[in-house]
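Below is one structure, written out as structure tokens; comments come after it.
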Amino acid sequence: MHSHELADEELEAIRPLVEEVASLHGSVEEADFLDNVSTYAQELPRRLRAFLNTFRLTEPSGVCLISGYPVDDTKVGKTPPHWRKKPDGYSTIEEEIFLNLCGALLGDVIAWSHQRDGLICQDLAPIKGHEDEMLGSGSERGLVWHTEDAYYPYRGDYIGLICLRNLDAVPTTFASIDEIQLDPNQVKDLFEPCFIFRPDPSHATDSEQEKAPVLFGDSRSPYVRFDPYCMDRPETEEARSGMDYLIRAIDENLTGVALLPGECLFIDNYKAVHGRSSFKARFDGTDRWLKRINIARDLRKSRGVRKTPASRVIL
Ligand SMILES: [Fe+2]
């Protein structure tokens with residue numbers, strides 16, 4: 001895995017930058033913050049900027065990890081019982097800013113009007129009543145690996161996560177397509193635009209089908225768009241066997257990382273699928289808690305479904 005441990009001198013530069021940005025903005029959801037975040041990100045230490053630029057440009061790995069950012073467990077407060085409920089008197093603004101500063105080096109954050117009220121920076125924590133749901137807020141049922149928002153042509157190029165708490169060491173799972181030995185004959189039909197994708201349950205939209213290939217780009221090092229849980233069984237035998245082959249190959253290569261507080265994981269949503277292991281939530285404020293953002297490399301692609309050039313919410 002492409003990884004970067006923050007050195008002390010990097011933290012000495014990052015902490016005042018994060019504090020200054022926090023003094024200027026009340027929330028990472030503010031348009032003014034979003035308009036300026038890529039400018040602030042240019043003040044991150046050069047070694048960190050170079051690390052993320054390499055991840056973006058040369059695609060050395062499907063995921064990258066930045067570790068060493070300090071999280072004050074008391075200051076962030078208890079793991080919230082719901083993403084709409086923020087406990088008073090506690091703040092995660094600094095962790096959210098750090099995640100957004102790093103993400104701004106990969107692209108521009110996006111949100112969906114039909115998912116989680118259009119929030120940019122979302123809490124991933126178990127919700128009581130969602131234990132058996134195949135959602136980021138589930139727990140006892142593992143979140144099966146997938147491409148994020150696979151149904152949507154404007155899906156993010158990257159998912160950014162920062163861990164605030166993970167006492168039970170619940171792994172975030174992933175598999176990078178470049179680390180799987182694919183038999184070219186078995187996957188050739190996956191390049192055909194004949195696979196039917198449907199919206200995943202986190203989106204409150206009508207289910208219309210989208211036909212597309214599972215693999216695309218360079219056939220020797222393809223991009224992947226795959227969420228078998230939200231796809232129809234293909235009509236042809238060749239397509240079905242290609243899909244089953246790739247499901248098995250990903251299952252066999254799935255690995256994971258139990259994020260520690262302060263660790264940021266960026267997943268290349270074109271090069272890796274990701275999920276989460278199952279766990280038993282306590283719902284007492286100490287459960288696993290991550291923040292998530294979605295990042296697009298090219299905001300213009302979705303201009304037809306956003307209100308203004310700089311608005312981040314896809315309608
Ligand atoms: Fe996901």
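The values are calculated or read from the model by the stated rules, or taken from the named source; none is laboratory data. This structure is a prediction, so every number in the text was calculated from the model and none was measured. So basically every Cβ, Gly included, is an ideal-geometry build from the backbone, and we count neighbours across all protein chains shown. Note: accessible area is taken over every heavy atom of the protein model, side chains too, but ligands, DNA and RNA are not part of it. Shrake-Rupley method; radii C 1.70, N 1.55, O 1.52, S 1.80 Å.
Residue-wise HN-Hα couplings along the stretch 252-259, as the Karplus relation 6.51 cos²θ - 1.76 cosθ + 1.60 with θ = phi - 60° gives them from phi, are 5, 9, 5, 10, x, 9, 8, 5 Hz; Gly and Pro carry x.
Under 18 Å of direct C-alpha separation, and excluding same-chain neighbours fewer than eight residues apart, LYS78 reaches these lysines: LYS86, LYS128, LYS280, LYS291.
Considering only protein heavy atoms, what is the solvent-accessible area of LYS211 at a probe of 1.4 Å, reported in Å² to the nearest 10? Solvent-accessible area, nearest 10 Å²: 110 Å². Here the 3J(HN,Hα) profile of the stretch 279-292, calculated from phi with Karplus coefficients 6.51, -1.76 and 1.60 at θ = phi - 60°, is 7, 9, 7, 9, 6, 10, x, 10, 6, 3, 8, 10, 10, 10 Hz, Gly and Pro shown as x.
Round to the nearest 0.05 the FRET efficiency obtained for ASP35 and VAL144 when R0 = 25 Å and r is the Cβ-Cβ distance. Plugging the Cβ-Cβ distance into 1/(1 + (r/R0)^6) gives 0.10. Amide H contacts of SER3: LEU65, each under 5 Å away and 5 or more positions distant or on a separate chain (H built 1.01 Å from N in the peptide plane; Pro and chain starts excluded). Think of it as helices only: each DSSP H run of n ≥ 4 in the chain is worth -39500 (n - 2.57), and spread over all residues that comes to -7500 deg cm²/dmol at 222 nm. Based on the alpha-carbon gyration tensor of the stretch 221-315 and its eigenvalue square roots a ≥ b ≥ c, which shape applies: rounded if a/c is under 1.5, prolate if not and a/b is larger than b/c, or oblate? Cα axes put the stretch 221-315 in the oblate bin. Largest GNM mean-square fluctuation across ALA272, ALA239, ALA204, computed for the chain with C-alpha springs under 10 Å, falls on ALA204.
Taking GLN181, GLN115, GLN209 in turn, the Gaussian network model of the chain (Cα-Cα springs below 10 Å) assigns the largest fluctuation to GLN181. Considering only Cα atoms, the convex hull volume of the chain works out to 127 Å³ per residue.
Once the Cα-Cα distance is subtracted from the 0.36 nm per residue extended length, the ALA50 to SER219 segment shows a gain of 58.1 nm. Projected over every direction and averaged, the convex hull enclosing the alpha-carbon atoms of the stretch 171-219 yields 5.1 nm². Subtracting the Cα-Cα distance of ARG15 and LEU315 from 0.36 nm times their residue separation leaves 104.5 nm of extension gain. Seen against the Cα atoms of the chain and their longest principal axis, helix 8-24 is set at about 80 degrees. In order along the stretch 225-241, the Karplus-derived 3J(HN,Hα) couplings, from 6.51 cos²θ - 1.76 cosθ + 1.60 at θ = phi - 60°, round to 9, 8, 8, x, 4, 10, 10, 6, 5, x, 6, 9, 4, 4, 5, 4, 6 Hz, and Gly and Pro are given as x. For the stretch 1-147, dividing the convex hull volume of the Cα atoms by the residue count gives 140 Å³ per residue. Counting heavy atoms of the protein chains alone, ILE127 has an accessible area of about 10 Å² for a 1.4 Å probe. Near the amide H of ALA296, within less than 5 Å, lie the amide hydrogens of ASP108, VAL109, ILE110, ASP157, all on another chain or at least 5 residues away, with H placed in the peptide plane.
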